[in-house]
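Have a look at the structure below before the remarks.
The values are calculated or read from the model by the stated rules, or taken from the named source; none is laboratory data. Quick caveat, the model's predicted, so the values are computed rather than measured. Note: ideal-geometry Cβ built from the backbone for every residue, glycine included; neighbour counts use all protein chains shown. Ligands, DNA and RNA are excluded from the accessible area calculation, which covers all protein heavy atoms including side chains. Shrake-Rupley method; radii C 1.70, N 1.55, O 1.52, S 1.80 Å.
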Amino acid sequence: MFSLPSPSWPEDPQKISRGVCGCCGALRPRYKRLVDNIFPEDPEVSEALVFGAVGKERGASCCFLVTPPYVCIAMEALDQLLMACHCQSINLFVESFLKMVAKLLESEKPNLQILGTNSFVKFANIEEDTPSYHRSYDFFVSRFSEMCHSSHDDLEIRTKIRMSGIKGLQGVVRKTVNDELQANIWDPQHMDKIVPSLLFNLQHVEEAESRSPSPLQATEKEKESPTELAERCLRELLGRAAYGNIKNAIKPVLIHLDNHSLWEPKIFATRCFRIIMYSIQPQHSHLVIQQLLGHLDANSKSAATVRAGIVEVLSEAAVIAASGSVGPTVLEVFNTLLRQLRLSIDYALTGSYDCTAGVSTKIIKEHEERMFQEAVIKTIGSFASTLPTYQQSEVMVFIMNKVPLPSSQQSIEAGKAGENRNRLTQIMLLKSLLQVSVGFQCSNMLTALPSAFLDRLLSSALMEDAEIRLFVLEILISFIDRHGNRQKFATISTISDISVLKLKVEKCSRQDTVFMKKHGQQLYRHIYLICKEESNVQAHYEALYSMLMLISIELANEEVVVDLIRLVLAVQEIAQINEDNLTAYNRCALFALGAAYLNLISQLITVPTFCQHIHEVIQMRQKEAPYLLPEDVFVERPRLSKSLDRLGPEVFFWQSKISEVLGGSGYNSDRLSTPYVPQLTDEDRLSKRKSIGETISLQVEVESRNSPEREQRAPAEEITYETLKKAIVDSVAVEEQERERRRQVVEKFQKAPFEEIAAHCGARATLLQIGENPPRGDFGVPSGTITAAYGQPQNHSIPVYEMKFPDLCVY
């Protein structure tokens, strides 16, 4: 073993007191002489001593007895010893090494803290094959986290200390995250220190530094800033997180944002969750969203600005997590958002969070609650846009079922406050539904608008509230418009050349034809009834115009076109007769609406005589009554006339003339000549009521009035013990008889001869056939069949989709 000349040591009272052995180097133990020889006058020659000290680590602890300039030399030797150790024997050396690193980190001198951190990082990069069951990193997590929050007066030193703390935390994570035998770094006690420390450095960007828009364009100085280093460390930490560790990693982020009031500006919160969503594994994205939803529920009584910040961050996270699903509980996500929406409506109406007695009530600002509501609606749309089509359809049905409607059996609050709450709830839920429907793309209208959903949606279209009606029209338009033609009908006008609109028109599919046969009359009836509302404004007429045109383009065949023309002529009659006492504006608007629609539909079906008639009427209106055309009605200051009852016949579109010209081109003239008359239902009448509570009571009254029991209402029977006993005994007897009958049927089919069973079934089939095919008349026409004008029988057969099949035939 070689040795270097012992360097000249400064006088130290402790060394002098050691006696002769301490003064004479030749009498000192060998390991002490080896350690002494590490510290020559020229530090560069210390590299030659590494091989002589391998395996003799005991003397390394003596490095703290020397003066600070030699500490760097001692730690460098220890680092090289650590790198030179074999994997099997490294555990024998690590405990002493970590103790010395801990002493350096405990020092108040920044350079020693940085030196200890650098040594720890080198150790963290060593891959160990032998597990260690007793090693603890609690002190290092705490100390590195403390360094991340350094508040040293010198900016440069503070930056170095913070960067050392971040590097140390990164080393702890790398050393422990993949080793199950090491300390579990994902425990809350560690995550509650590591994550806030990284977020603290992400949050505090020094004024002297500027953030480049792209990491590729960052300067060398910025790459070494605590902000960039903290972001890389956080991304690495989250990228290593497994399914069960996501919650422990996200919860400290939420607490940090709460404690430092970082939800209100939402800039930093959004940046944090962008880092999170892009760093974690994609299949874990829904866990982050569930954490945010739970945090939103926990803050349901916080200020509206805080809740709005959480919801907007949620919206950003949903867009990033657009992998086709937001987890197994999709409807629960929307249920939480809708619940928050309803709570916000209550807060805005009551002005309080329902605080308990003795607790001061926070001041609720209505405009802040409105901002929160808009944020929730936007988030619902963002979530829905990430879902596949079938789940979007489920979400829309789910939202629609939450809307309080007159025909629903939901709990209805009485009084003025209850009506306001129900109205605001309807508006907000329909807004949410509109957000979902805007991003909904489906080629099959039967799938897009199932019967139950369409019934509830159209039921709300008959409410007296004009805003609710407008939302319903917008929702229907967004469903029907599948080729982006909506904006081309944004302005109502009588253009002379439809080709300038550049419409995208495709042939009506078989599914659309079935849809219109099933729901067409329902749509026409609601359009007709909406046109009769006096509270309609320009936006309603524009929506009605768009809807009529989109049906004509997207869903129309020859039969649908005929029905739409009949509908528009009936709307013209509403304005002409004015049985509903509409205002002059409403009447002129209906006349203008009909003119604009017939002008475009005449150019679409290209029947010259039909186009000529429509063009002649429009020209006559331009001369005699311009207030019946959209160019004079749908403007900022409409020009109206009070003499609408004295109009000449030349300014009207006549059903007989249209039937004549279209009938000559192959259209059904009989159907065209028949005026459109909608069939009003109880739902239509009930929906006209302003009060939902009144509507429910009227609905019960109508049902009882139509009930046959109303004619002969028996006096109420007195209920006694004997009556109840008799009812129970009778029900038991009935059950016994039914059970016996079933047993006999089963026994008959098991034991009876085949001929007897066949004869029995044949007799039943004959009876059914006689019931379905009644006796025919003299000319072979079934009795009860209406004969058309040309002697052709019209069979009013039940469509297939309305037939009632036995349960065994349906699967």
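Below, the figures for the structure above:
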| read-out | value |
| --- | --- |
| Accessible area (Å², 1.4 Å probe, nearest 10) - LYS251 | 110 |
| Dipole magnitude of region 536-585, debye to nearest 20 (Cβ charges: Lys/Arg +1, Asp/Glu -1, about Cα centre) | 140 |
| Local net charge near ALA570, Cβ-Cβ under 14 Å (Lys/Arg +1, Asp/Glu -1) | 0 |
| Solvent accessible area, Å² - ARG339, 1.4 Å probe, full protein context | 90 |
| All Cα pairs of region 432-489, percent lying beyond 20 Å | 24 |
| Span from the region 365-402 Cα centroid across to the region 249-267 one, whole angstrom | 24 |
| Sorted largest first, extent of region 258-310 alpha carbons per principal axis (Å) | 33, 21, 16 |
| Three-way shape label, region 496-624, alpha-carbon gyration tensor, a/c 1.5 | oblate |
| Taking all pairs of distinct alpha-carbon atoms in region 531-582, Kirkwood radius in angstrom | 12.1 |
| Exposure ranking of ARG423, ARG566 by accessible area [1.4 Å probe, largest first] | ARG423, ARG566 |
| Restraint check, LYS193/LYS247; LYS378/LYS431; LYS122/LYS167; LYS193/LYS301; LYS167/LYS193; LYS266/LYS402, Cα-Cα greater than 18 Å | LYS193/LYS301; LYS266/LYS402 |
| Chain lengthening between ARG646 and THR609 when straightened (0.36 nm per residue, less Cα-Cα) | 10.5 nm |
| Distribution of pairwise C-alpha distances over region 470-548, 10 Å bins, in % | 15, 45, 34, 6 |
| Net dipole in debye of region 387-514 [+1 Lys, Arg Cβ; -1 Asp, Glu Cβ; about Cα centre; nearest 20] | 260 |
| Surface share of carbon and sulfur [accessible, 1.4 angstrom probe, percent] for region 224-330 | 53 |
| Largest-first ellipsoid semi-axes for region 235-356, taking √(5λ) over the Cα gyration tensor eigenvalues, angstrom | 26, 16, 12 |
| Calculated diffusion of region 559-664, Stokes-Einstein form, Kirkwood radius summed over Cα pairs, 25 °C and 0.890 mPa s, µm²/s | 175 |
| Cα coordinate range in region 368-508, projected on the principal axes (Å, largest first) | 54, 36, 33 |
| Charge sum, other residues only, whose C-beta stays under 14 Å from ARG742's C-beta, Lys/Arg counted +1 and Asp/Glu -1 | -1 |
| Rg(Cα)/(2.2 N^0.38 Å) for region 589-650, N = residue count | 1.15 |
